[in-house]
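Please treat every number below as a calculation from the coordinates, not as lab data. Just so we're clear, the structure is a prediction, and the values are computed from it rather than from any experiment. Glycine also receives a Cβ, built like all others from the backbone with ideal geometry; neighbour counts cover every protein chain displayed.
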Amino acid sequence: MDNIVREPKSILQWWGDCLLKGQNVKWREKKIGELIDVFKNKTALAEQGDKLAYKVANQNFNRESFVKGNLQWGVTYLEPFTIDGECAMTHGHFHRDPDCDEYYFGYKGEGFLLFWDGDEEFYAEKIFPGSLHYINGRYAHRIINSGDETLIVGACSLPASNQDHAIIEKTPFPYRCFKRNGKIEWIKES
């Protein structure tokens with residue numbers, strides 16, 4: 001009877017830097033220079049080199065299994081920067097399995113969550129501490145940091161969604177987000 005009460009499998013500090021730690025937590029990071037097919041000005045992007053763009057902590061107890069129903073929890077930490085005025089952003093992706101929805105939750109900072117159906121429908125939701133975002137699996141989505149501090153966003157998703165970044169590289173989101181003189185501008189992709 002000594003093992004009835006156990007410690008949780010992970011801890012997510014809701015304060016400070018909102019760190020995810022515990023069993024089966026894996027970290028990965030993306031450098032600004034690796035986002036070649038994301039930002040408009042590739043010359044300005046190349047000048048950033050090895051600076052950190054974002055890092056992600058994921059907890060997944062079924063990492064090798066892509067069976068629907070297996071959930072993972074992740075936290076993205078998107079740094080504040082601009083490339084020729086274009087706001088910091090994650091790569092963005094579609095789900096290869098559009099039946100796999102997900103949720104995002106704003107912990108810290110401010111920004112936007114982009115939604116795009118791959119055709120005419122495009123919109124952005126504001127991200128801020130406490131914001132909750134339902135993502136229909138049919139929509140491409142991307143996080144943008146429009147603030148001056150690290151944007152921290154949690155996500156509950158299905159690994160079975162099988163993220164597809166290549167579509168976004170070939171056909172970018174229809175609008176780009178710029179921050180100029182402290183104001184946000186949305187520019188239609190040409």
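Overview of values
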{"item": "Cβ-based charge dipole, the chain, positive-most Cα from A57, A140, P172", "result": "A57"}
{"item": "Dipole moment magnitude, nearest 20 debye, the range 10-188 about Cα centre, only Lys, Arg, Asp, Glu C-beta charged", "result": "320"}
{"item": "Unit charges at the beta carbon, dipole of the chain: most positive-side option, L19, T90, I187", "result": "L19"}
{"item": "Taking the C-alpha atoms of the chain, convex hull volume expressed per residue in Å³", "result": "132"}
{"item": "Relative packing of 54-62, 129-137, which averages over residues the other C-beta atoms within 10 Å, highest first", "result": "54-62, 129-137"}
{"item": "Förster radius 41 Å - calculated FRET efficiency between D117 and E29 (Cβ-Cβ, nearest 0.05)", "result": "0.90"}
{"item": "Distance between modelled label sites at E189 and F81, nm, 7 Å Cα→Cβ extension", "result": "2.2"}
{"item": "Within-11-Å neighbourhood charge of W116 [Cβ basis; K, R +1; D, E -1]", "result": "-3"}
{"item": "Distance (nanometres) between label positions extended 7 Å along Cα→Cβ at D37 and E7", "result": "4.2"}
{"item": "Charge tally in the Cβ shell below 14 Å around K170, where Lys, Arg are +1 and Asp, Glu are -1, K170 excluded", "result": "-4"}
{"item": "The chain - percent relative contact order, Cα under 8 Å, separation 6 or more", "result": "21"}
